[in-house]
1. Putting +1 on Lys and Arg Cβ atoms and -1 on Asp and Glu Cβ atoms, find which of GLN167, GLY217, VAL390 reaches farthest to the positive end of the dipole of the chain.
2. Along the Cα→Cβ direction, 7 angstrom out, place labels at ASP366 and THR92. What is the inter-label distance in nm?
3. Quick check on the exposure proxy: order SER373, SER395 from fewest to most C-beta atoms within 10 angstrom.
4. Per-residue counts of other Cβ atoms within 10 Å, averaged by peptide: what ranking do you get for 397-405, 279-287, highest first?
5. Toward the positive end of the charge dipole of the chain, about the Cα centre and with charges on Cβ (Lys, Arg +1; Asp, Glu -1), which of LEU347, THR91, SER271 goes farthest?
6. Out of residues 5 or more away from SER350 or on other chains, whose amide H comes under 5 Å of its own, with H placed 1.01 Å from N in the peptide plane?
7. Among the listed pairs LYS237/LYS438; LYS237/LYS446; LYS141/LYS205; LYS406/LYS446; LYS51/LYS446, which are separated by more than 28 Å between their Cα atoms?
8. Would you kindly state how much longer the chain becomes between TRP444 and SER399 on full extension, computed as 0.36 nm times their sequence separation minus their alpha carbon distance, in nm to one decimal?
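Values in this text are rule-based calculations from the coordinates and carry no lab data. From a predicted model like this one, the values you see are computed outputs, not experimental measurements. Glycine gets a Cβ as well: all are built from the backbone with ideal geometry, and neighbour counts include every protein chain shown.
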Amino acid sequence: MTRSLSVSRRTLLGGAAAVTGALVVPGSALAAPSRNAATDDVPINYHAHTKFADWLRGHNDGTVAWPGRRPGVVIARPVGTTSYTDPHTSTTREYEYATWTSPVYKLDFGATELVASWNADTPEGTWIQIEMQGSYTTGNKTPWYVMGRWTAGDSDADIRRTSLDGQGDEWSGVYTDTFAVDSDDAANGVLLTDYQLRLTLYRPKGSHATPLVYRLGAFASTIPARFDVPVSTFGLKHGVEIDVPTFSQDIHAGQYPEYDNGGEAWCSPTSTTMVLYRWGKDPTARQLAWVDPSYADPQVDYSARYTYDYQYEGCGNWPFNAAYAATYGGLDCIVTQIRSLNEAERLVASGIPVVCSVSFYATELDGAGYNTSGHLLVIVGFTDDGDVIVNDPASADDSKVRHVYKRHQFETIWLRTKRHLTSGGTGSGSGGVAYLYKASHLPWPKPTDRHNPNWG
C-alpha cells in the first residue's frame, strides 16, 4: 500500500510569507572547535559526487564522464526515446535520454530523512531528473523516488521545473524535495541504511545538446524530535561579520504574483540573491530586461522566477535554489543540515554565509516582529558575545535587513524539529537545514566531526 506522510516537516518550511561590516579573512577568527554534545553528535551526513573518478565509479547507461574544468557526466549516446507531457504546460515532446547511477552509499547510522541537491548546466530544451532509492533496516528497498525534474530556463522550448507529489510506499514518501520515513515507522525502527542516486539526462529528439551535471549529492540525517535545543558556547576568538549586501523581500510585495503570490513569499530567492551578490554573481542587464524598470532590486524578481517550482507553486524548493545559484558558475552550491551554531561559526569565519530555514512566533525571536511557519534568512556574522548577525529579508526595506538575534533563541528556532502552536497543536522545524554557496576555488572549512561530514 502507499502511505502519505503523517506529519511532514517539509510542508511548512518552503519560504512562507512572514506576517506582520568588514569581510572576514578566512580562518582569522577560528578557535578550537567548541562542542555541544546535545547537538554535535546528531547524525548528519552529506555526500557528493564531484570528481572525475566519482563519475567513472557510477554506472553509465548512455552517459560518459566528462573530464572538463568541472568534471561531470553528459550524454554520449542516448539509450532510448520517451514522450513527456509537461503537466504544467500540457505540451508533449519527444526526448532522447541517458542515465547515470551512483554506487550504493552506505550510512553508518539509520536515517529518517534525505534531501538531494545538484549543480548542472542545462542548455535550452534539455533537462534532468534526479531520483533516489534506498534500503530499509527491514531489508526492503524504497521505490525509485523522483527528487526533482529540473532545468535552468523557462523558455517555450523548456519543461517547467517541478517536484513530484504523491510518491510513497508502506514506510516512506516524498514531499516536495524531502524523502522521509513515516514518523511512526521510524519510531519502530524502520530507517534508511543506504541509498543510490540516479540521474536521467534528457534532450530533444535529434538534438546534439546535452546537460552537464558536475555535482550530485545528498544529506541524510536522523534529527531527534525536539522542541528546544541547548545553547552552544560561542567558539570563535572574537566577533566576525561578512559583507553581504542587504535585500528586502517586502519591497517586492505584489510583484509577479504568478511566482508564489509575489515578493511577500520570496524569502528563499531573496536570501539566495544576497549570497550570490556576496560572491559577485548577478544577472546581466539583458537577463533583467523583462523586469518592470520601476521595480527596485530587479535581481530578486529574477531569482524568484528561476527558483520557482511549478508543482509546489513556490520559490522555496531547497535544491532548486542551490541549483539556480550554481548556474552563475564558479560556485559550489549545496543543501545540508547544520548541527549547531558552532558549525555555522566555522563557515562564517571562513567567509561563507549560511542561509537558514526557520519557523517561529514573534515572541520566540526578540526583534523579529513577525510570525512565520517557514522562512529563510542569512547568517552573516556573530557579535563578540556570540549573538547571531542576520540579513533577514522580511524587513521593511533594504536598509533594515541587518538584525542581531539572541543566540539561544536563534539556535532553537533553527535546529528544533517541533514547536508548540498557540492553537495547542504541534508545528514543525527544519532541524538545521541550510543552503551553503561558496566560491569553488576556496576549500570548505573542516566540520567539527570529520568522520561524519555534513558539507563539502
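1. Of the listed residues, the answer is GLY217.
2. 6.3
3. SER373, SER395
4. Those peptides, ordered most packed to least, come out 397-405, 279-287.
5. Checking the options against the dipole of the chain, the answer is LEU347.
6. Excluding prolines and chain starts, which carry no amide H, the hits are GLY27.
7. LYS141/LYS205
8. 13.1 nm
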